[in-house]
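Q: Below you will find the structure I want to go over with you.
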Amino acid sequence: MLTYLINGISLGSVYAIIALGYTMVYGIAKMLNFAHGDIIMVGGYASFCAMSYLGWPPAVAVLFSIGVCTVLGIVIERLAYKPLRSATSLAVLITAIGVSYFLQNVALLVWTSNPKVYPNIFEKIPPITVGEAQISGVTMVTILANIVIMIALTLFTGKTRMGKAMRAVSEDKGAATLMGINVNFTISMTFAIGSGLAAIAGVLLCTAYPNLVPTTGAMPGIKAFVAAVFGGIGSIPGAMIGGILLGVIEIVARALVPDVPSDIFVFAVLIIVLLVKPSGLLGKTVREKV
Amino acid sequence: MRKKMLGMFLAGVLAMTALTACGETANGNNGAATTGDQNQDQPADGQTSAEPAGDGALTGTLNLGVIGPMTGAAALYGNAVKNGAEIAVEEINAIDPAFQISLDVQDDVHDPEISVNAYQTLKDNKVQVIVGTVTTSPCLAVSAEANSDRVFMLTPSASSPSVTEGKDNIFQLCFSDPNQGSASAQYISDNKLATKVAVIYNNGDAYSTGIYQTFKSKASELGLEVVSETTFTDDTATDFTVQLKAAQDAGADLLFLPIYYQPASLILKQASDMGFSPKMFGVDGMDGILTMEGFDTKLAEGVILLTPFSADAEDEATANFVKKFNDKVGETPSQFAADGYDCPYAIYRALEFYAAKNGGLDVTDMSYADLCEILISVFTDPSFSVDGITGQGMVWDANGEVNKAPKAVVIENGVYVGM
């Protein structure tokens, strides 16, 4: 059981780090960026290419990949989402799905469907043995990265000018504009940070599960979305708790009922949470003003 | 920004063009190699020589069509079959000037509709027998047409049982998916590779599930103990720790993996991370694992896989084919190339068999329907068998499925070694 728990936490910590990006963008821009999972995939490929083809050391490759994804996030926001700023949220949602498929297919064109095996960049970190289970180096790094990112994001949105501007935009775009906040710039920054986080998530996802194909980010992206909703979308600690719980549920379900595809449980959790507590575990219930 | 997007598009288009160009060059080289290669060594079993017609001899020119993906995502397979078939035809044509095969290759881009068009083109070109199609879904479409038109088809590599089911004139040269399962169980049992077997299969995939089911029934028939059966789907093909733990806890000493190489590579890594090292046994979907970019081949050390063809087999026929393929294309032939090579030979042997029994056969201008009946009668004749490089003593049942002894290879130091 301990083994399953630890494996669940390993998987969950990857979901959590993706969910942080989701929740951050949703919390501020109030839109679901369904292309988040695919930015993760691009991050994985960017760092893979930097390491394998250019021979860069892993640390530089990760920074390079963060750079690529940040730029990509800003470009996507400018081209695909900004023109729809005043459109219905449904239009933006559909555009996001379109962007997601666009990225997948471009990746198919550029990198083909032949899977690439991602190198283990945390090979030097020895695994810790707990009873009969092992916690691998990449899991420890992922959990650490989760905590650091969570604290950094909380401090950033709470203390800095930019963070305050983001919260203001999320509260009320119109009022924020009147207060002299550049709403477009703020939202662009949100996407830049969210996509930079996606690059880190991409590196960690690919190190933990080293198979890189154009659809690598799609399913973890959707699971992370479930995790974000589970934890309370918009809530930064909620994303992390939701992610880890979801990973544990998935692994334990697979262990207890091996004949049933575990995704049934993952998505059942989403439905139940939406029925019982629509705002998620740590989400705030916001009363819609009529 | 727009320029960046445009750049990406252009890069993509360029990459595509480059790929197509590569295909073209390879074809061009083929043509050149063809002429040079003729009169060289004949296949080992040279049963035939020039004999007068009417005396059991096979004469005339057979128009043989090939359909497969020569461009597009599955082009690798189509071109392998085409090159293999071309080598075989060169050899057959060199055996006896009285019987010649003229090859007509059509591209189907791995698309069922284009494949049916390619089939119609072949019929317009007066093709009498078809080798194809290479991939399964186009084959389903074309075989339905060929079945009603009475055109004999021998597919080198479309392995789904639905390709041949209920169509008396469609035959397979490759193992059907379910056959691989029972062949694997038989092989494990015959060679006493294991006593306790665990299986991990993809229950969202017909190929994997089909192999698993026949494996399981054959295993219970042979008294092979299956101690753990776990599944995954394409959406959960990342984390296999639970399945591996179950296999380990059940004390499995062999892990049967009727899956494609991509999830298999993750299973190998995760098993090694958790210190679980049973024998690993795969099927033809495992073929390709060594060519994955960045894959640590040490992980695949000792993996056994069942494949009809291994390029490093030491028999004369395989060595001859590998050398010719290497000269022609510049790479080691895959299983598809070997399938493509065996197909024209199977048809040639069948016609020869009929000619010997019926006092000769002149195939020039024979209708495809007449040839179809002849070939069906020979392929389903229990005394007809073909020795090819993908199997010795291949025989066919009335269903069109092939029966042949599978070859197993083991991965040692990053290469396949025959067992």
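Q: Pick out the one residue from B:K298, B:K269 that is within 8 Å of another protein chain (Cβ to nearest Cβ) and part of a helix (DSSP H, G or I).
A: Details: B:K298 fails: within 8 Å of another protein chain (Cβ to nearest Cβ).
Step by step, each of B:K298, B:K269 is checked, and only B:K269 is within 8 Å of another protein chain (Cβ to nearest Cβ) and part of a helix (DSSP H, G or I).
Q: Do you know which residues across region B:56-94 are among the β-branched types (V, I, T) and outside any helix (DSSP H, G or I)?
A: Correct list: B:T59, B:T61, B:V66, B:I67, B:T71.
Q: Right, next: Could you please let me know if B:F353 is at pLDDT below 95, buried (at least 16 other Cβ atoms within 10 Å of the Cβ) and within 18 Å of the chain's Cα centre (by Cα)?
A: For B:F353, the condition - at pLDDT below 95, buried (at least 16 other Cβ atoms within 10 Å of the Cβ) and within 18 Å of the chain's Cα centre (by Cα) - is not met.
Q: A further question follows. Please count how many residues of region A:68-82 are over 14 Å from A:A198 (Cα atoms) and more than 12 Å from chain B (Cβ to nearest Cβ).
A: Here the count works out to 1.
Q: Of a type in the set (A, V, I, L, M), assigned by TED's automatic domain parsing to the domain that holds B:D284 and surrounded by fewer than 23 Cβ atoms within 10 Å (Cβ to Cβ): which single residue out of B:V227, B:V197, B:V242 fits that description?
A: Answer to the check: B:V227.
Q: Need pairs with beta-carbon distance below 7 Å; first residue touching a residue at least 60 places away in the same chain (Cβ under 8 Å) and within region B:346-370, second acidic (D, E); sequence gap 6+ or separate chains.
A: That search, which allows pairs on different chains as well, returns B:G360/B:D55.
Q: To continue, here is another question. Among A:V260, A:V252, A:V266, A:V226, which is the only one that is within 14 Å of another protein chain (Cβ to nearest Cβ), closer than 24 Å to A:M166 by Cα and either without any contact (Cβ under 8 Å) to a residue 60 or more places away in the chain or of a type in the set (A, V, I, L, M) (or both)?
A: A:V226
Q: Being over 17 Å from A:V138 (Cα atoms), among the aliphatic types (A, V, I, L, M) and within 14 Å of chain B (Cβ to nearest Cβ): is that true of A:M1 here?
A: Judged against the criteria, A:M1 is a match.
Q: Let me ask something else about it. Quick one: is B:Q213 within 14 Å of chain A (Cβ to nearest Cβ) and assigned to a helix (DSSP H, G or I)?
A: It is false that B:Q213 is within 14 Å of chain A (Cβ to nearest Cβ) and assigned to a helix (DSSP H, G or I).
Q: Being in contact (Cβ under 8 Å) with a residue 60 or more places away in the chain, among the small types (G, A, S), within 14 Å of another protein chain (Cβ to nearest Cβ) and over 30 Å from B:S137 (Cβ atoms): is that true of B:A198 here?
A: Here the answer is yes, as B:A198 does meet what is asked.
Q: Which count do you get for residues in region A:18-43 that are part of a helix (DSSP H, G or I), at pLDDT 90 or above and either closer than 15 Å to A:E77 by Cβ or polar (S, T, N, Q) (or both)?
A: 4
Q: Which condition number does B:M286 fail, the rest of (1) surrounded by fewer than 24 Cβ atoms within 10 Å (Cβ to Cβ); (2) within 14 Å of another protein chain (Cβ to nearest Cβ); (3) closer than 27 Å to A:D259 by Cα being met?
A: Answer for B:M286: the failing condition is (1).
Q: Based on what the data block shows, is B:F240 in contact (Cβ under 8 Å) with a residue 24 or more places away in the chain, more than 8 Å from chain A (Cβ to nearest Cβ) and closer than 25 Å to A:G221 by Cα?
A: yes
Q: Please state which one of B:E113, B:E165 is closer than 25 Å to B:Y212 by Cα and among the charged types (D, E, K, R).
A: The conditions single out B:E165.
Matching residues to (1) free of Cβ contacts under 8 Å to residues at least 40 places away in the same chain; (2) surrounded by fewer than 19 Cβ atoms within 10 Å (Cβ to Cβ):
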| position | (1), (2) |
| --- | --- |
| A:T142 | no, no |
| A:A145 | no, no |
| A:V148 | yes, yes |
| A:T154 | no, yes |
| A:T157 | no, no |
| A:R161 | yes, yes |
| A:R167 | no, yes |
| A:S170 | no, no |
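Q: Right, next: Give the residue, chosen from B:K216, B:K245, that is under 15 Å from B:G181 (Cα atoms) and free of Cβ contacts under 8 Å to residues at least 60 places away in the same chain. Break it down stepwise before answering.
A: Values: B:K245 fails: under 15 Å from B:G181 (Cα atoms).
Residue meeting the stated conditions: B:K216.
Q: Do we have any residue at all in region A:37-50 that's under 21 Å from the mean Cα position of the chain (by Cα), hydrophobic (A, V, I, L, M, F, W, C), surrounded by 24 or more Cβ atoms within 10 Å (Cβ to Cβ) and over 19 Å from A:N211 (Cα atoms)?
A: No, there is no match, as no residue in region A:37-50 is under 21 Å from the mean Cα position of the chain (by Cα), hydrophobic (A, V, I, L, M, F, W, C), surrounded by 24 or more Cβ atoms within 10 Å (Cβ to Cβ) and over 19 Å from A:N211 (Cα atoms).
Q: Related question: Mind counting the residues in region B:290-303 that are in contact (Cβ under 8 Å) with a residue 40 or more places away in the chain and surrounded by 21 or more Cβ atoms within 10 Å (Cβ to Cβ)?
A: Going through region B:290-303 one residue at a time, the tally reaches 2.
Q: Which condition number does A:E123 fail, the rest of (1) within 19 Å of A:V14 (Cα to Cα); (2) acidic (D, E); (3) within 22 Å of the chain's Cα centre (by Cα) being met?
A: Exception for A:E123: condition (3).
Q: Quick test of your reading of the structure: A:P126 fulfils all but one of (1) touching a residue at least 60 places away in the same chain (Cβ under 8 Å); (2) not in a helix (DSSP H, G or I). Name the failing condition by number.
A: (1)
Q: For region A:1-22, enumerate the residues that are closer than 19 Å to A:G221 by Cα and touching a Gly at 6+ places or on another chain (Cβ under 6 Å).
A: Within region A:1-22, A:G8, A:L11, A:G12, A:Y15, A:A16, A:A19, A:G21 qualify.
Q: Another one. Filter region B:72-90 down to the residues that are of a type in the set (D, E, K, R) and either more than 12 Å from B:D107 (Cα to Cα) or not assigned by TED's automatic domain parsing to the domain that holds B:F336 (or both) and list them by number.
A: Our first condition is that a residue be of a type in the set (D, E, K, R); within region B:72-90, this holds for B:82, B:86, B:90.
If the condition is that a residue be of a type in the set (D, E, K, R) and either more than 12 Å from B:D107 (Cα to Cα) or not assigned by TED's automatic domain parsing to the domain that holds B:F336 (or both), then B:E86, B:E90 are the ones that fit.
Q: Exactly one of (1) without any contact (Cβ under 8 Å) to a residue 24 or more places away in the chain; (2) of a type outside the set (V, I, T); (3) in a loop (DSSP other than H, G, I, E, B) is unmet by A:G234. Its number?
A: (1)
Q: Another one. Among the residues of region B:304-315, what is the count of those that are surrounded by fewer than 23 Cβ atoms within 10 Å (Cβ to Cβ) and at pLDDT 85 or above?
A: Of the residues in region B:304-315, 1 are surrounded by fewer than 23 Cβ atoms within 10 Å (Cβ to Cβ) and at pLDDT 85 or above.
Q: Go through B:Y261, B:Y187 for me and flag whichever is more than 14 Å from chain A (Cβ to nearest Cβ) and of a type in the set (S, T, Y).
A: Being more than 14 Å from chain A (Cβ to nearest Cβ) and of a type in the set (S, T, Y) holds for just one of B:Y261, B:Y187, which is B:Y187.
Q: Between A:A50, A:A59, which is free of Cβ contacts under 8 Å to residues at least 24 places away in the same chain, in a helix (DSSP H, G or I) and within 14 Å of chain B (Cβ to nearest Cβ)?
A: Within the list A:A50, A:A59, the selection yields A:A50.
Q: Here is a follow-up. Take B:D370 and decide whether it is in a helix (DSSP H, G or I), within 30 Å of B:K192 (Cα to Cα) and not assigned by TED's automatic domain parsing to the domain that holds B:Q248. If you could, list the steps in order and put the result at the bottom.
A: Details: in a helix (DSSP H, G or I): yes; within 30 Å of B:K192 (Cα to Cα): no; not assigned by TED's automatic domain parsing to the domain that holds B:Q248: yes.
Against the criterion (in a helix (DSSP H, G or I), within 30 Å of B:K192 (Cα to Cα) and not assigned by TED's automatic domain parsing to the domain that holds B:Q248), B:D370 does not qualify.
Q: Moving on. Select the helices (runs of 4 or more DSSP H) contained entirely in region A:158-217, then report the ones holding at least 1 residues which are within 14 Å of chain B (Cβ to nearest Cβ).
A: Result: A:183-208.
The values are calculated or read from the model by the stated rules, or taken from the named source; none is laboratory data. Note that the structure is predicted; figures quoted are calculated from it, not measured. In this analysis, Cβ positions are derived from the backbone assuming ideal geometry, glycine residues included, and neighbour counts consider all displayed protein chains.
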